[in-house]
Each structure stands twice: as C-alpha cells, then as structure tokens.
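Have a look at the structure below before the remarks.
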Amino acid sequence: GYFMLLIAPKAELAETEIAAKDMVLVLDKSGSMSGEKIEQAKNALTFALQNLDEEDRFGVVAFSSEADRFTVDLQRASREHVREAVAYVKDIDAAGGTNLLEALQMALHMLGDNDRRRPQMVVLLTDGIPTVGETDYDTIVDKVEKQNHVEDRLRGRLFVFGVGYDVNTVLLDKMAAGNGGLTQYVAPEENLETAVSEFYGKVSHPVLTDLTLDFGEVDVQAVHPRPLPDLFKGATVTVFGRYRGQGKTAVALRGQVSGKEREYRYDVSFPQREKKNEFIPLLWAQRRVGALLEEIRLHGENEELKDEIVQLALRYGIVTPYTSYLVLEEAETLRRAGRPVPAAAAPGGGWVPPDVPREHWAGGYGGAVGAPAAKASTEIRALEQAELLAPAAGEPGGPTYVRQVGDRAFYFQNGIWYDPGYTEGMETLEIKYGSDAYFELLGLNPDWGPYLALGENVRLVVDGLCLAISQQSGTETLTDEQRARLSALGAGNG
C-alpha cells in the first residue's frame, strides 16, 4: 500500500526546550551583487541578526576575491555584539570576484567541533559562480563535505540562497544536499529580503534535529523525503512511502533536543484496503519522480533511473522530461464553471483529429473545429516535453489523453481507455457494455465502478487479467467459472 504520515511532535514544548543555535551568515559581495541586490542582501542579514535569541551564537563572513569575517570566533547574540555586527554589514560594498570555497571553509572553521547540544547552520547568499581560487565544482563540493563531516555527523547544515539567473544550480544543490540543507532561488524581480526573512522565521527555533523514523513491524520502502529534515517550532513532518504488511504498529520518531535523545511514539494502523484516501498514491508517485529526477540532474542519467521514472509516469499519469500527455480537465468541473465541454472531456472520451492545428486544440473542441482558439481557454492543455509516450496498447504518433481515476492513470487512445498495466496479448475477458454480465461484474466488485465509468470501451487490468469492456462485442452472460474467478478477484485487492 501507500501511506502519508503527518506528525507534529509535542507542540507544547517549553521555550527552554527549544535549542539555542549557532549560525554563520555568508554573504557574496562580488561585483555582480552591486546595486539593489547587495542592499537587499544586507537588509536580510540585518533582519537575521536582530532576530537572534540571546543564547544563540553567530558569525558573519563576507567574500569576494577574498573572504573576510566580522570576528574570528562565534559571538553570543548579546545586544552589543548584534549592534556591532549590524554596523559591519552596513559597511559592506560589492566589488571583486567570487572565492566561494574560501568563504565556506572559513564559516565551517568558525563552527568548530562543538557537541550536539547546539544545532549549527551556515546560510549562504550568492548570485554567481566561483571565479577566484578553486573553481572546479566537484572539488568544491568534495572539500566542503569533508570539512563539514565530523565522525558520523555534520558540523552544520548548509542553507543556500541563489540570487538571479546566472547561479550554478547543480553546484549549489549538491552542496546543500550533501550538507543536510536546502536551496532556494530568488529571481531578480523577487525580493531577497522577504525570502530570507521567511526562511529565517522557519529555522530560527530548532526543536528536533537528526530525525529518524522506525515503523515497527511494518516493512516500508521508497520513503520521501530522505533524509528527514530537522523539525522547527510550529512545523510538521510530512512523509510519503510504500508499505508491505498490515495491522497496528507503533511508529517511533527519534531526534535530538538540546543534545539529548528524544522519542515520540504514535499508534497507527496500516490497512489491507482503504478507499477513503485514493489521492495518496499519486502524491507519493509525484515525490518519488521528483526525487529520481533530482538524482539525475545532480549525478547524471542512467537507464535504471530513467526506466523507473517512465514506469511511474505511465502508471500515475505524471508529466516528466521523458513523457508527455494531453491533460484533460474533468467535464463536470467545466460545466460548473459555465465553460464549454469539449468532446474529449466528456464521458467515453473524444478525439482531436491529427490534422487540427495545435493552436486550435485549446479553443473548445465542442465548437467548430476551425474556430480560432481563445488564449484563456484551458479545456485541453497540451503539455509538451521531450517525447510523447503512448500506452502499450496503442501506436505512438497520435495524441494520448490521460485521466486519473483513484490510484491509476488511464490513457485514452483509438477510442479506448487503457489501464497502464495493459499489454498486447495478455489474458482477456471481453464483456459487452450494458449487458447482464457487465452489471453482474459491478455487483461482484463495486470498487471497479469508477474505472468502468470512464466510458463504453475500457481495458481494466486486475491481477494479470484484462477486463475488456466493449460497446460492440463481448460476453453478455457470465459462466459459473467466470463468476467464480471474478468473485475471487473481488475478494482480493481488486
């Protein structure tokens, strides 16, 4: 099965249990940051400094061709130290190149080898790529990770703000991912000060760090996110995954609070079947595909990752660089909005002829085919990616429509809705639409109703058997043998 776990451990933690932190703010002051960007960055750093708790410790590193720092060691966030640091930031001017490695090594050296009682973090603001000192990306990533790891733990987590469009996203993402942090990118027209302020509001009060989950007797797989992020005051941990087995179990969330091990236990039940939350498989698949695409982006493509992405995309109807579909809005949604319903969105499907120009597809296929397309119309949205993958049942080349039904994405091609598990030549039981056999099939397993409601021609795969609903032909009465087999399938997972 699939699961979504949302946990907010002990929201009533006392202020004394919220860990004091160490934070080093690292600012790129190279020439490309001049103008409004450097002013916004300075304002963001000032905000962070002025919102430190008195028990926190901090440092400031500013770098261009060389790295400079406010003080050699971390300072306690007293009013006097904060006031001096704000004055230091105010005097920063933008000029010179970008010596990224030297700045990060200086920041990590300031964190030192402190114990686990204080969460530590480095916050980097940069708009460019390394131009001075070490400029090889892999070498920078390797040196930062080696310096930041002490035995089995990180000195500090690296949070990165990339400013503008010239940032090397692969370099920054690799550094953040390898050092327990995150990246956030701010476009030139966006307000950097706002973005940093919002981030600081989230991480300013660490509650639980170094999180792990133990699911007891239930076997879980493909869990995302991985690794788990730190938990901050007022936040919730949201986890998606697959599971094998069923029944009640205790899920244990473990982490560090001010250097001490803390455990929270939750009694949960993993059901054999659950019909109330059919949205969860798609949400899991989206996160799984996102994680695999990120792995390819950072470390390069390989066939295993690509094949898994394609399989997931076809199974759940997800648009990726390897798949593309025409995504249809539900007809009922269009009717409620008072908009025309295209034939392709109606039950049973429809077809956009291949000779209809693409610019006419969005014009409401329920009207004249040759009518000009209205720009605001979204009855049919063509999502173009690297290539168009048709379902196994059809020939590539024509448009493929996809519609999500429960935990499956069905594909409409050549007048038929295909289950993603369908393959040519598989064992098939053909049943005529609207016949006694058709309604008896629904009576044996009502859970199949939403799939068959797609239209008069549907290919539904159940445990290796294709139930082919056809308008033109098929059995009209079930035999005792067919009835027994369908009953057995209905008693299973369906």
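The values are calculated or read from the model by the stated rules, or taken from the named source; none is laboratory data. Worth saying up front: this structure is predicted, and the values here are computed from it rather than measured. Counting neighbours? That spans all protein chains shown, and the Cβs are built from the backbone with ideal geometry, glycine included. Just so you know, the surface numbers come from the protein's heavy atoms only, side chains and all, with ligands and any DNA or RNA stripped out. Shrake-Rupley method; radii C 1.70, N 1.55, O 1.52, S 1.80 Å.
Values for this structure:
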{"quantity": "Net length gained if the chain between residue 414 and residue 6 were fully extended (0.36 nm per residue, minus Cα distance)", "calculated": "142.7 nm"}
{"quantity": "Accessible carbon and sulfur surface of the stretch 104-199 relative to its total accessible area, %, 1.4 Å", "calculated": "46"}
{"quantity": "Peptides 450-458, 423-431 ordered by average Cβ neighbours within 10 Å, highest first", "calculated": "450-458, 423-431"}
{"quantity": "Gain on full stretching of the segment that runs from residue 236 to residue 268 - 0.36 nm per residue minus C-alpha separation", "calculated": "9.8 nm"}
{"quantity": "Nearby lysines by direct alpha-carbon distance to residue 275 (threshold 24 angstrom, same-chain neighbours under 8 apart not counted)", "calculated": "248"}
{"quantity": "Potential lengthening between residue 463 and residue 168 on full extension [0.36 nm per residue; Cα-Cα distance subtracted]", "calculated": "101.5 nm"}
{"quantity": "Using a Förster distance of 41 Å, the FRET efficiency for residue 311-residue 51 (Cβ separation, nearest 0.05)", "calculated": "0.30"}
{"quantity": "Residue-normalised accessible area of the stretch 427-494, given per residue in Å² at a 1.4 Å probe", "calculated": "47"}
{"quantity": "Packing-based ranking, highest mean first, of 402-408, 412-418 given that Cβ atoms within 10 Å are counted", "calculated": "412-418, 402-408"}
{"quantity": "Residue-level accessible surface for residue 296, protein heavy atoms, 1.4 Å, Å²", "calculated": "20"}
{"quantity": "Pairwise label distance in nanometres, residue 286 with residue 36, each label 7 Å out on the Cα-Cβ vector", "calculated": "3.2"}
